[in-house]
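Report on one structure; see the data block that follows.
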Amino acid sequence: DKGNHRHFMEKEIHEQPEVISHALGHYVNFIENRAIPVSGAIDFAKVPSLAISACGTAYLAGLIGKYWFERYARLPVEIDVASEFRYREIPLSPQSAALFISQSGETADTLASLRYCKEHGLKIGAVVNTRESTIARESDAVFPILAGPEIGVASTKAFTCQLAVLASLAIAAGRARGTLGEEEEQAMVRSLSEMPRLMSRVLNSIQPKIEFLARELSKCRDVLYLGRGTSFPLAMEGALKLKEISYIHAEGYAAGELKHGPIALIDENMPVIVIAPHDRFFDKTVSNMQEVAARGGRIILITDEKGAAATTLDTMHTIVLPNVDEIVAPVIFSLPVQLLAYHTAVFMGTDVDQPRNLAKSVTVE
Ligand code: F6R
């Protein structure tokens, strides 16, 4: 049932504040502002490293998770798309643990990567939406993302719930490993607890701007997405969403890689969407954006209030979000990214919930 939404995708985008709040309730203690320690098969305090594998959007959530585990828990993470991971013959320590992220829990390549790690003696954790799935069954520890059924083929609420679970696990790992202090933990958990309210605020405020920009994007043949730090995987996610439902060619690039090739593509016909919260990389990303502007590129900057106040360029549209802490930025910045893809597809008249050639669950290799 789509309720009063035109598509399941739209419904699922708007459900996110509620489902993420539900999911977080299982991973953090909001009274003490602590991440709930992970007990059972995976001992984050002892593992020397972590392997992560997944496909598509779930892989991009894992990539953001890598930034968090490495930064907050000082845990080295080996990550790859499952279709490469399973064949790479990666040297893996049997003392390590591996996380497999999958909405459906049935993705063939992700399952094959899981079995590969199991054969090499690693403890297996599953970050899944479907608890009665093959990936969940074959894992030593299951971390449900509790997003509820996702019907739209393009993943939205599963992605942000995966991020919420990975953020909580990274904080728990940081505490277990002594790399995150109690006060840092409390500040981060407090930020997570504010996330659902901020998400509602963003969803209620950016619609007119998004529709205006989506109309522009629907006339384009190619779009470039740029980001740095955790905004880089999000740039790739933005490009993936746009490709799969609007069929517009899009690419997500690390902002710093622009000058190593893709800058040659820039002209007035290719909009460049820059994801840049006012974080420690902001100035660097803005200077990459100026390189685009200097070549006549049209820029759409997705930033926060501080970022908007710090930049002015004539050739630019901005989507301004509230100021948020680094740990919640990827979730909050997912919202305009999802909505831009959704409304662009609506303008183009594509089958948003069932894009051509795609299946919700990919059980072939
Ligand atoms: C993109 C999308 C796909 C899936 C991928 C993995 O919107 O939905 O890229 O993320 O096929 O699927 P799961 O998470 O079921 O393993």
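The values are calculated or read from the model by the stated rules, or taken from the named source; none is laboratory data. Keep in mind it's a predicted model, so treat the numbers as computed, not measured. Methodologically, a virtual Cβ is constructed for each residue, glycine included, from the backbone with ideal geometry; neighbour enumeration extends over all protein chains shown. Side chains included, ligands, DNA and RNA excluded: accessible areas come from the protein's heavy atoms. Shrake-Rupley method; radii C 1.70, N 1.55, O 1.52, S 1.80 Å.
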Subject >> So D43, is it touching a residue at least 40 places away in the same chain (Cβ under 8 Å), in a loop (DSSP other than H, G, I, E, B) and either more than 16 Å from the ligand (Cβ to nearest atom) or touching a strand residue (DSSP E or B) at 6+ places or on another chain (Cβ under 9 Å) (or both) >> reply: yes
From the option list E244, E182, E237, E194, single residue qualifying as closer than 30 Å to V142 by Cβ, acidic (D, E) and open to solvent by less than 20 Å² (accessible area, probe 1.4 Å) is E237
Residue set I31, I20; condition more than 15 Å from the ligand (Cβ to nearest atom) and open to solvent by 40 Å² or more (accessible area, probe 1.4 Å); output residue I31
Scanning the range 119-148 for residues that are in a loop (DSSP other than H, G, I, E, B) and within 12 Å of the ligand (Cβ to nearest atom), the one farthest from N357 (Cα to Cα) turns out to be I145
Q.
Any residue at all in the range 117-126 that's closer than 15 Å to A54 by Cα, at pLDDT 95 or above, of a type outside the set (S, T, Y) and in contact with a helix residue (DSSP H, G or I) (Cβ under 8 Å, 6 or more places away or on another chain)?
A. yes
**Prompt:** Could we say that Y67 is part of a helix (DSSP H, G or I), more than 16 Å from the ligand (Cβ to nearest atom) and touching a residue at least 12 places away in the same chain (Cβ under 8 Å) here?
**Reply:** yes
Scanning the range 224-234 for residues that are hydrophobic (A, V, I, L, M, F, W, C) and either more than 19 Å from the chain's Cα centre (by Cα) or in a helix (DSSP H, G or I) (or both), the one surrounded by the most Cβ atoms within 10 Å (Cβ to Cβ) turns out to be L234
| task | Check whether at least one residue in the range 153-174 is at pLDDT below 95 and within 14 Å of the ligand (Cβ to nearest atom), and report yes or no. | result | yes
Among the residues of the range 71-89, the number that are touching a strand residue (DSSP E or B) at 6+ places or on another chain (Cβ under 6 Å) and away from the ligand (no atom under 16 Å from the Cβ) is 3
What about E89, is it at pLDDT below 95 and open to solvent by 40 Å² or more (accessible area, probe 1.4 Å)? yes
Given the conditions (1) within 15 Å of the ligand (Cβ to nearest atom); (2) in contact with a Lys or Arg (Cβ under 8 Å, 6 or more places away or on another chain); (3) assigned to a helix (DSSP H, G or I), every one holds for Y116 apart from (1)
